[in-house]
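The values are calculated or read from the model by the stated rules, or taken from the named source; none is laboratory data. None of these values were measured; they are calculated from a predicted model. Please note: Cβ atoms are built from the backbone with ideal geometry, for glycine as well, and neighbour counts cover all protein chains shown. For the accessible areas, the whole protein counts, side chains as well, though only heavy atoms, and no ligand, DNA or RNA atoms are used. Shrake-Rupley method; radii C 1.70, N 1.55, O 1.52, S 1.80 Å.
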Amino acid sequence: MATVHFELSLMAVVLLLTPCSSIAADRSSGTKGNLQHVNGVVGAIVDTSSRIGKEERVAMEIAREDLYRYSNQTLILHVKETDQRKPIRAALAGMDLINTQVQAILGPQTWEEVSLIADICTKNQIPIFSFADTIPEWTTEKWPFLLGASHDNFAQMKAIAAIVQSWNWHQVTVIHEDVGSWTNGVMPYLHDSLREIGAEVRQFVGLSSFASSDSLSRELKNLESEQCRVFVVHLSLPLAVRLFEMAKKLKMMEKDYVWITTHHITSLVHSINASIISSMQGIVGVKSYFSETGTRFQDFSSRFRRRFRRENPEEENNEPGIYAVQAYDAIWTIARALKGSKRRNQELMEKVLQTDFHGLSGKVQFNNHKMAPTQMFQIINVAGKSYRELGFWSSGLGFSETIGKHATYSPLMNDLEQVLWPGGPRYTPRGWTELTRKKPLLVGVPAKSGYKEYVKVEYGQSPNDTSFDGLAIQIFNATVRRLPFYLPYEFVAFNDISYDNLVGEIGKKFDAVVGDVAIVASRYSHVEFSHPFSETGLMLVVPARSSNKEWSFIKPFTKSMWASITVLTIYNGFVVWLIERHAHPELRGSMLHQIGIMLWLSFNTLFSLQGGKLHSNLSRMSVVVWLFVALVVIQTYTANLTSMLTVQRLEPTVTSVEELLKSNAAVGYCSGSYLEKYLVEVLRFPRDNVKHYASAEEYAEAFNKKEIAAAFIGTPLAKIFLAKFCKKFIAAGPTFNIGGFGFAFPRGSPLLASINEALLKVSENGTLVQLENNYIGVLQKCQDKEEENPSLSPNGFRALFIITVGTSTIALVIYIFCIASSFSGLTTIRGLMFIIIKHWCYQSKRYSRRVSNVESLGNSSPQQAPNQLSQV
């Protein structure tokens, strides 16, 4: 910058000593005729050594002619030749034009040139129309007379991002010209556009405008050694041509390579001769679109080709491009503002800003001192001796084969015409390669993991003797072996306890991370994860206590079972009491006495037959069956109760998160994990109540010291913890559905898709299950708790209950019939039944009396015994 200021100072001295006519060659047009009819004087600064400058000069001349032809305006055009590689020359040319009393200045092409002229034009209140693509936002206030005459092409970066998204590429390498305006003005837009579609810039490669062949070769070889094969090229045409020629020599224009060019190259592809275009085969580019239909453009195009061929015979192609039609429209913009005004101050500038018409390049309208942005681009594919037009991309709409009302749009360009990629393959390149990796993949491993079953790092006497083992390590080893290509890798221990810091080192210190690293959304801003290789979820672990309590003796049976036993017992007791009450005086008495005797008799029959005291066969039949059922029920109850009291049953001391929050209890989580933020922000635990621990042993010690009431542990690690301390702790509440463990890679890593595919193969062929059994399966014995002994319901005793109820009911029915047999008026059939039943009842009563008499005989005195015996 100091050099520029020195040159400007030197330039001022030269201007004072040198006549204006000697500064630069002045090609003036339109000076013929009477000068009183001249409507304005315009200056132009053009680099006639470039294709862009040649097109601009010819287009300006044609525009000046068309002004007189269509609107009878005469415009004097002073063209100053310059060299855009030397911005100081543009400044000298600008000062020369100001001295010639021009009312506006067109050009130059680069921001470096414009920035040197804008200050001078602003001081002299002369509008300057810049053809540079980039004009910073802050220029409006500093240089209010600076206007952007070319359409804002920042939207092309979204078109390039859409191309990348169409083929599912996640990383690109950007090759740009190492010029401040190109780097600072356009690159941020490309970076942001790629981030929006989930891709990222792997690296920016800046090339000097004067880069030597050796320098280009060296940069390309460095890119060849990287995995990324998608290149976005944002260079001037001369430098881009040299780059592609060198790339072809290095065989980087062959299959598996993708080259995408911005409009700075693609919009001039029509001017490239066949010998040069042969080194650009397969390039896909974004080209500024302008309509080539209509009589006005056709007339301009035919005149342009004739004049361009005559003035530039060294050029093989003479078709007009976007730069030609922009220069044509710029002349018309100035002419419209000059019409009816002879002042060259703020009034002229205001008229320029009010411009609104449709020119050859599209709509000409200024917004914030800049031309309205381009909303449509053409997608082309270099093939053969020229290029193919694949379709169009419109901002906010997407890709289409045609334009207009009947166009069909798609967010992806897959529906457009088939792309011919470098090397000729019709299949889509995957955008990356694994064959050129010269150094191994550096894989970070958490050295301070508290669960050695997943990650175990052991240090030897030297750094090279470090060993890595554990379930996560072995799963990654098995996954890499299933890749369809060779991938060298090297484990590197990471000694920081924070897993977030470990993940943050991806792309810096590590190429990937393997270990007990949880998959959480907050980490996706830096990395991407493979599919989880472990169970997902978060478990609440709390101390356990025995479930055997004071009322454990009722648990062998369900409530319905206890109710069934009670009803059946009372029912059978009632039947026996009803049948035996006439034979036993003690069964008679007051109502309250009889109810007590009946209940006693009901439950007494559960434990003894009482056969000697029962006088009726009916009651004996009922009691025998019920006693058999009672024996089965009692033995079953005894066995189930014994099992319940023998086997230790555990239940959680805390059952829910809400209970922990209400009691303001402290909880623990794994050190270095994401859980602190989850517990505080999602589960709403006070930050002071959240404590971290590094291992299962530390958790157990904290529980024993009453430091915490519960711990939140990921499901894979929680199972290991519960396996180690299965007698003391238990899982409580539901499992929170969050991510498991996965392998972490940089965002857009080309390896991720292959890793996921290989991990699925490891899971499907049984290798994953085998590894889990080897490393954590040995702990399953303690986790496999004994089967629960559920309380027994009446369903298992249904048949027995039916039998005893049926037997007692039959005895009751027979007894009722015996009582009813004394009644008359019975029918023949019923009479016959009553005769049979009556006879059976008579025999039963007779036998009962005999038994009763025998018993009384045993209780009588010796004097009464002979008489009673004779009665018997």
Hey, among Leu390, Leu397, which residue is of a type in the set (A, V, I, L, M), at pLDDT below 95 and more than 23 Å from Val269 (Cβ to Cβ)?
Leu397
Which ranges mark the strands (runs of 3 or more DSSP E) fully within region 633-741 that have 1 or more residues being of a type in the set (A, V, I, L, M) and closer than 30 Å to Tyr524 by Cβ?
667-670, 690-693, 710-714, 729-736
Return the residues of region 267-319 that are charged (D, E, K, R), in contact (Cβ under 8 Å) with a residue 24 or more places away in the chain and closer than 30 Å to Met246 by Cα; say none if nothing qualifies.
Lys287, Glu315, Glu316, Glu319
Ile98: outside any loop (DSSP other than H, G, I, E, B) and surrounded by fewer than 23 Cβ atoms within 10 Å (Cβ to Cβ), yes or no?
yes
Leu487 passes all but one of the listed conditions (1) open to solvent by less than 60 Å² (accessible area, probe 1.4 Å); (2) in contact with an Asp or Glu (Cβ under 8 Å, 6 or more places away or on another chain); (3) at pLDDT below 85; (4) over 14 Å from Val443 (Cβ atoms); the exception is number (4)
Any hit, region 1-23, residues being open to solvent by 10 Å² or more (accessible area, probe 1.4 Å), under 58 Å from the mean Cα position of the chain (by Cα) and at pLDDT 90 or above:
no
Collect the residues in region 363-387 that are under 21 Å from Tyr409 (Cα atoms) and surrounded by 15 or more Cβ atoms within 10 Å (Cβ to Cβ), keeping them in residue-number order.
Thr374, Gln375, Met376, Phe377, Gln378, Ile379, Ile380, Asn381
Reported set for region 390-420 where residues are under 31 Å from the mean Cα position of the chain (by Cα) and open to solvent by less than 50 Å² (accessible area, probe 1.4 Å) is Phe392, Trp393, Ser394, Ser395, Gly398, Phe399, Ser400, Ser410, Met413, Leu416, Val419
Consider region 535-563. How many of its residues are open to solvent by 30 Å² or more (accessible area, probe 1.4 Å) and at pLDDT 70 or above?
11
If you go through region 220-252, how many residues are over 34 Å from the mean Cα position of the chain (by Cα) and in contact (Cβ under 8 Å) with a residue 40 or more places away in the chain?
6
Unmet criterion (only one of (1) surrounded by fewer than 16 Cβ atoms within 10 Å (Cβ to Cβ); (2) closer than 20 Å to Val230 by Cα; (3) at pLDDT 85 or above) for Gly423:
(3)
Counting only strands (runs of 3 or more DSSP E) wholly inside region 166-238, the ones holding at least 1 residues that are under 24 Å from Lys248 (Cβ atoms) and open to solvent by 60 Å² or more (accessible area, probe 1.4 Å) are 200-207
With charged (D, E, K, R), closer than 30 Å to Asn495 by Cβ and surrounded by 16 or more Cβ atoms within 10 Å (Cβ to Cβ) as the only criterion, which of Lys439, Lys448 stands out?
Lys448
Matching residues in region 221-241 - criterion: being over 11 Å from Trp432 (Cα atoms), charged (D, E, K, R) and touching a strand residue (DSSP E or B) at 6+ places or on another chain (Cβ under 8 Å)
none
All but one of (1) in a loop (DSSP other than H, G, I, E, B); (2) modelled with pLDDT under 85; (3) of a type outside the set (Lys, Arg) hold for Pro429, so report the exception by its number.
(2)
Those residues of region 45-61 which are part of a helix (DSSP H, G or I) and surrounded by fewer than 24 Cβ atoms within 10 Å (Cβ to Cβ), in sequence order:
Arg51, Lys54, Glu61
In the set Ala330, Ala324, Ala335, Ala372, which member is in contact with a Lys or Arg (Cβ under 8 Å, 6 or more places away or on another chain) and in contact (Cβ under 8 Å) with a residue 40 or more places away in the chain?
Ala372
Thr735 vs (1) touching a Gly at 6+ places or on another chain (Cβ under 7 Å); (2) hydroxyl-bearing (Ser, Thr, Tyr); (3) open to solvent by less than 60 Å² (accessible area, probe 1.4 Å): all pass except (3)
Condition first: open to solvent by less than 40 Å² (accessible area, probe 1.4 Å) and either at pLDDT below 80 or charged (D, E, K, R) (or both). Can you find one or more residues in region 751-773 that meet it?
no
Selection count where residues are out of contact with any strand residue (DSSP E or B) (no Cβ under 6 Å at 6 or more places or on another chain) and in a helix (DSSP H, G or I), scope region 257-291
10
Does at least one position in region 292-311 carry a residue that is of a type outside the set (Ser, Thr, Tyr), closer than 18 Å to Glu389 by Cβ, open to solvent by less than 10 Å² (accessible area, probe 1.4 Å) and not in a helix (DSSP H, G or I)?
no
